[in-house]
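J.: This is the structure, below, for whatever I ask next.
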Amino acid sequence: MSEPGQIPSMATGAPYRDEDQAGMAASVEAKFAAKPGVSDAWSVRNPDGPAHFDEFMEWLSEERIAGRYPR
């Protein structure tokens with residue numbers, strides 16, 4: 001930011017493909033035991049574990065911090 005209250009313009013980007021509108025990138029849904037084509041982001045692998053979407057968001061943030069996603 002150059003001055004308080006001013007937000008610089010952001011570059012445009014392309015969203016990841018998400019045909020089932022689950023909020024997860026279709027290309028990695030299987031990585032988190034989600035089924036591509038099925039809106040199952042809030043399902044879990046086991047009753048005590050995080051939702052598929054939570055696992056995806058953790059992975060996505062780690063990938064972006066490391067500069068590996070998107071390619």
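J.: With a cut-off of at most 14 other beta carbons within 10 Å, and DSSP calling the residue loop, which chymotrypsin sites (Phe, Trp or Tyr not before Pro) in the range 14-71 qualify? Please list them. Kindly include the intermediate steps, with their values, before the conclusion.
T.: On the way: sites: Tyr16, Phe32, Trp42, Phe53, Phe56, Trp59; in loops: Tyr16, Trp42.
Filter output for the range 14-71: Tyr16, Trp42.
J.: Sticking with this structure for a sec: With +1 on each Lys and Arg Cβ and -1 on each Asp and Glu Cβ, and nothing else charged, work out how big the dipole of the chain is about its Cα centre, in Debye to the nearest 20.
T.: Working: 7 positive and 12 negative charges, 56 e Å.
Approximately 280 debye in magnitude.
J.: Mean residue ellipticity at 222 nm from the helices of the chain, using -39,500 (n - 2.57) per DSSP H segment of n ≥ 4 over the full residue count, to the nearest 500 deg cm²/dmol?
T.: Values: 1 runs with 14 residues, N = 71.
Result for the chain, helices only: -6500 deg cm²/dmol.
J.: How big is the range 26-65 by Rg and Dmax over its Cα atoms, in Å?
T.: Considering the range 26-65 through its Cα atoms, Rg and Dmax are 10.0, 29 Å.
J.: Let me have the relative contact order for the chain, percent, based on Cα pairs under 8 Å that are six or more residues apart.
T.: 18
J.: Which value, in nm² and rounded to one decimal, describes the direction-averaged projected area of the C-alpha convex hull of the chain? Please list the in-between numbers first.
T.: Numbers: hull surface 27.0 nm².
Averaged projected area of the chain's Cα convex hull equals 6.7 nm².
J.: On to the next question. Can you tally the net charge around Arg45? Count Lys and Arg as +1, Asp and Glu as -1, for every other residue whose Cβ sits under 14 Å from the Cβ of Arg45. Before the final figure, lay out each step's value.
T.: On the way: positive: Lys31, Lys35; negative: Glu29, Asp40, Asp48, Asp54, Glu55, Glu58.
Local charge sum for Arg45: -4.
J.: Right, something else. For a quick check of your reading of the filter: which GluC sites (Glu not before Pro) in the chain sit in a DSSP loop and have no more than 16 other Cβ atoms within 10 Å?
T.: Details: sites: Glu19, Glu29, Glu55, Glu58, Glu62, Glu63; in loops: Glu19.
When the GluC sites (Glu not before Pro) of the chain are filtered for loop state and at most 16 Cβ neighbours within 10 Å, Glu19 remain.
Rule-based calculations on the coordinates, nothing more; no lab input. Keep in mind the model is a prediction, meaning the values are calculated, not measured. Cβ: placed from backbone, ideal geometry, glycine included. Neighbour counts: every protein chain shown.
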